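Read the structure below first, then the notes.
The values are calculated or read from the model by the stated rules, or taken from the named source; none is laboratory data. A quick note: this is a predicted structure, and the numbers were derived from the prediction, not measured. So basically every Cβ, Gly included, is an ideal-geometry build from the backbone, and we count neighbours across all protein chains shown.
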Amino acid sequence: MMRKPNRNNAAEREEKHVGDYTEKQNFDGEVGVELEQSLEQKILEILGRRAASSTMCPSEAARAISPSNWRLLMERTRQVARTMALRGIIHITQKGVVCNPLTDFKGPIRLKLAAK
């Protein structure tokens, strides 16, 4: 009896193709840096087109970069947002309250440009 391939197999999960990028679980190498830069630029681009008090969902940046595989980018997008918040570029909010980027927040978040 032939078995169907297991989609949860660790070897299959190790490498995922996302748009023009190859996402690896450890996120090392040039691809990771290039992807992070693209996500950061996209976040700034989206927030830059909005009123200063407006927010965005991180999924908007992920969807803009890879419309068909955006879910694969979500954890990476949240990591990029956390780094941007630590650098003082944006704020991460939950229910309208600014979160400490060093805490392990869970659930929906929004991104907002930090006041200059």
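Among the residues of region 53-109, those identified as among the acidic types (Asp, Glu) and in a helix (DSSP H, G or I) are GLU60, GLU75. Note on region 66-94: residues that are within 14 Å of GLN37 (Cα to Cα), buried (at least 20 other Cβ atoms within 10 Å of the Cβ) and among the β-branched types (Val, Ile, Thr) total 2. Just to be sure, is LEU35 at pLDDT 95 or above, of a type outside the set (Val, Ile, Thr) and outside any loop (DSSP other than H, G, I, E, B)? No.
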